[in-house]
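Take a look at the structure below.
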Amino acid sequence: MITLSRKADYALVALAHLGQGRGDAAVSARMIAERYKLPAALLMNILKDLARVKLVRSTRGAGGGYTLACDPARVTLLDVVRAVDDKHQPLTPCACDHDALPILGQESCHLSGDCPIREPIQRLHRRLQQFLTEVTLADLIGSEVNVAADEVQITPGDRTNRSDRLRQRKDRSVLAAQG
């Protein structure tokens with residue numbers, strides 16, 4: 001399963017909270033941490049990272065805290081991941097340009113010249129990157145993210161979508177139970 005890092009997850013929670021806020025009232029990191037039961041120290045560092053890339057505004061002093069610095073419709077998931085993850089890792093070493101691997105702290109794969117899954121993994125990586133650039137914070141706040149299971153395909157040869165495969169599996173189970 002491909003997952004977001006804990007830092008990216010917490011950043012999205014904090015940004016969604018700020019995006020749902022009424023008016024321009026600043027919200028403290030501690031208040032967000034308490035509301036969602038997140039580690040306060042980690043959330044404070046995440047919010048600093050988000051402020052550094054100007055996704056949130058930080059206000060010091062009494063009544064200070066954080067506010068969203070831009071329109072949620074202009075903030076992509078990829079923006080958030082890149083802001084908080086020190087090294088945005090590819091799926092596998094072969095999923096991106098080999099020249100970028102030392103920057104990402106990875107070594108190239110010894111199979112890269114003769115790997116049977118290199119091209120499909122690179123396609124999947126590009127599709128995931130594209131998906132992360134298409135989904136915005138506004139989509140998350142408004143619960144508008146809708147991903148059909150058959151939109152993410154690794155190989156063009158498999159045209160059966162997930163719902164068809166589940167239906168076929170259920171049909172086989174019913175037949176086996178009857179037989």
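The values are calculated or read from the model by the stated rules, or taken from the named source; none is laboratory data. Note that the coordinates shown come from a computational prediction; the quantities given were computed from them, not determined experimentally. Note that each Cβ is placed from the backbone with ideal geometry, even for glycine, and that neighbours are counted across all protein chains shown.
Counting just the residues of the range 1-21 that are over 17 Å from Thr59 (Cα atoms), of a type outside the set (A, V, I, L, M) and not in a helix (DSSP H, G or I), which one comes out modelled with the lowest pLDDT?
Going through the qualifying residues, I end up with Thr3.
Can you tell me which residues in the range 15-53 are touching a His at 6+ places or on another chain (Cβ under 8 Å) and either within 18 Å of Val80 (Cβ to Cβ) or surrounded by 13 or more Cβ atoms within 10 Å (Cβ to Cβ) (or both)?
Result: Val27, Ile32, Tyr36.
For Leu38, indicate whether it is in contact with a helix residue (DSSP H, G or I) (Cβ under 9 Å, 6 or more places away or on another chain), over 16 Å from Leu137 (Cα atoms) and in a loop (DSSP other than H, G, I, E, B).
yes
Restricting to the range 111-128, give me the number of residues that are part of a helix (DSSP H, G or I) and either over 30 Å from Gln20 (Cα atoms) or modelled with pLDDT under 85 (or both).
Within the range 111-128, residues that are part of a helix (DSSP H, G or I) and either over 30 Å from Gln20 (Cα atoms) or modelled with pLDDT under 85 (or both) number 9.
Which count do you get for residues in the range 11-33 that are under 13 Å from Gly65 (Cβ atoms) and not β-branched (Val, Ile, Thr)?
13
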